[in-house]
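Accompanying notes for the structure given below.
What follows draws every value from the coordinates through simple rules; no lab data is involved. Note that the structure is predicted; figures quoted are calculated from it, not measured. For neighbour counting, all protein chains shown are included, and Cβ atoms are generated from backbone atoms with ideal geometry for every residue, glycine included.
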Protein chains: 2
Amino acid sequence: MKILVVEDEKGLAESIVDYLTKEGFICEVANTFWQADEKVSLYQYDCTIVDLTLPDGEGFGIIQTLKKIAATTGIIIISARNTLEDKIKGLEIGSDDYMTKPFHLSELNARVKSLIRRRNFGGNNDMAWREIRVQLQARKVFVGEKETLLSRKEYDLLLYFLSNIDVALTKESIAEHLWGDHMDSADSLDMVYSHIKNLRRKILEKGGRDYIQSIYGIGYKFAAS
Amino acid sequence: MKILVVEDEKGLAESIVDYLTKEGFICEVANTFWQADEKVSLYQYDCTIVDLTLPDGEGFGIIQTLKKIAATTGIIIISARNTLEDKIKGLEIGSDDYMTKPFHLSELNARVKSLIRRRNFGGNNDMAWREIRVQLQARKVFVGEKETLLSRKEYDLLLYFLSNIDVALTKESIAEHLWGDHMDSADSLDMVYSHIKNLRRKILEKGGRDYIQSIYGIGYKFAAS
DNA sequence: GGAAACATTTGGGAATTCAGAAGAAAAGTC
DNA sequence: GACTTTTCTTCTGAATTCCCAAATGTTTCC
């Protein structure tokens, strides 16, 4: 899961990233609205956290822009202003949640998780395809009737596949999804191989079929036969 | 997909080419604006990456020239200058995107892909003609109801044919499309024969008709009877 | 018929992927 | 904090796939 943090205070941005990274999210930071705009149009994020009080622009405008560019991104506003009008306006305009400074990181974390659950998977909290089934809120993965325990990377990888059934994914886009954009393309290939291998093994061990197809020179595809 | 990199710093040019080549693009380099001019007027590129700060000329002029010569080419400017005016001017003049040095190669890659996606209208569409059908997203090729597995070159070749139905393609333009212009013209012809043959075989094997017509002395044409 | 162009076959070699294991890092436990 | 356990990363060599080049056979054109 990838999160974009739009915040100009370096200290705050850093502590948010620290916290959320430890929670298993891939985090990236934009210091200005302009940067945020660019990043959102280039990459996909599961959630965007926006501080409304940045120096370089009118706050509410950017929310609408973000919405337009990437309709799939959930948005959480953080703001120093605590007026009810602002809150309502924020929600009306398209943000999904609203927090006022100061706040506890643990609360932000909880809201992010709740938001991602809500957005990506509507009311039903499972993803399923063939005999593979994932309970998102419980973070459990089943192969047929048997549960298999996946590590964080394996879990993220499986979810990435499940939300891209029958689509050819390049090794690079997989790497980018699992580690963010700070990775050297060359270095990350071995890691991708490794995690693919582990995921395959764990699914096979539970009696599942190997749906991860290798595409020579390209990457992988999750598909039936 | 072919990309032209206009950059005089050998090191930077090389690392860009390395990275994008691994991503599956065909890359060529021009060290000067003059060279770039020539190349663009001779060949077709899906995207041109231009460093504005080359020694041999006024930067913005070349963008307009490129646009005029090859309106179909997407243009990404890279520049050391970070002023807003430059950025705006660049976009006004007809570039599609703007990056400031230094940048991550992964970001450049993302921008190239996003640009190509934009230009090709979504890119998620299928291509089909007679009983040949290609699902671009899944990178699947069907002949009638049967799927056939193509290697990278074969796949590229088929796509080239499908986007040039009923058009006579010279062997040279095919070679140039598959390998770029760093090929010895003589050597590459045999390779073209080879890949043509493999593509033919794979389509015939699945019960398809042979739509690749040889035109003696010229090249090939993808057409019905 | 002869020369040029095209087609097919083959094998070496490069690039890519895989499997196993060991080392490094992180997380959990007492 | 020191220990164990898990996860992540890196490394090695083997296996696979594909690309290319050369040799040979076939067709087309004049």
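Figures for the structure shown
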{"read-out": "Spin-label pair A:Asn109/B:Lys146, simplified geometry with 7 Å Cα→Cβ offset, distance in nm", "value": "5.6 nm"}
{"read-out": "Neighbour-count ranking [beta-carbon atoms within 10 angstrom, fewest first] of B:Glu7, A:Glu23", "value": "A:Glu23, B:Glu7"}
{"read-out": "For segment A:1-35 and segment B:155-225, distance of Cα centres in Å", "value": "49 Å"}
{"read-out": "B:Glu172-A:Ile93 FRET efficiency (beta carbon distance; Förster radius 51 Å; 0.05 resolution)", "value": "0.35"}
{"read-out": "Spacing of the two label points (7 Å from each Cα toward its C-beta) at A:Gln64 and A:Asp190, in nm", "value": "5.1 nm"}
{"read-out": "A:His182/B:Trp129 FRET efficiency (R0 45 Å; Cβ-Cβ; nearest 0.05)", "value": "0.60"}
{"read-out": "Angle in degrees between helix B:185-205 and the longest Cα principal axis of chain B, rounded to the nearest 10", "value": "50 degrees"}
{"read-out": "Highest-fluctuation residue, A:Ala168, A:Ala110, A:Ala13 considered, GNM on chain A with Cα pairs under 10 Å", "value": "A:Ala110"}
{"read-out": "Tensor-based shape of chain B (alpha-carbon gyration tensor, a/c under 1.5 rounded, otherwise prolate or oblate)", "value": "prolate"}
{"read-out": "Degrees separating the helix A:105-121 axis from the principal Cα axis of chain A, which is the longest one", "value": "60 degrees"}
{"read-out": "Highest-MSF residue in chain A out of A:Gly90, A:Gly180, A:Gly11 [GNM, Cα springs under 10 Å]", "value": "A:Gly11"}
{"read-out": "Angle between chain B longest axis and helix B:10-22 axis [Cα atoms, degrees, rounded to 10]", "value": "30 degrees"}
{"read-out": "For segment A:154-164, Karplus couplings with θ = phi - 60° (6.51, -1.76, 1.60), whole Hz, Gly/Pro x", "value": "4, 5, 4, 4, 4, 5, 5, 5, 5, 8, 9"}
{"read-out": "Simple Cβ-charge dipole of chain B, Lys/Arg +1 and Asp/Glu -1, about Cα centre, in debye nearest 20", "value": "1120 debye"}
{"read-out": "Separation of the A:Arg209 and B:Arg209 label points, Cα + 7 Å toward Cβ, nm", "value": "3.4 nm"}
{"read-out": "Expected 222 nm ellipticity per residue - DSSP helices of 4 or more, -39500 (n - 2.57), all of chain A, to 500", "value": "-14500 deg cm²/dmol"}
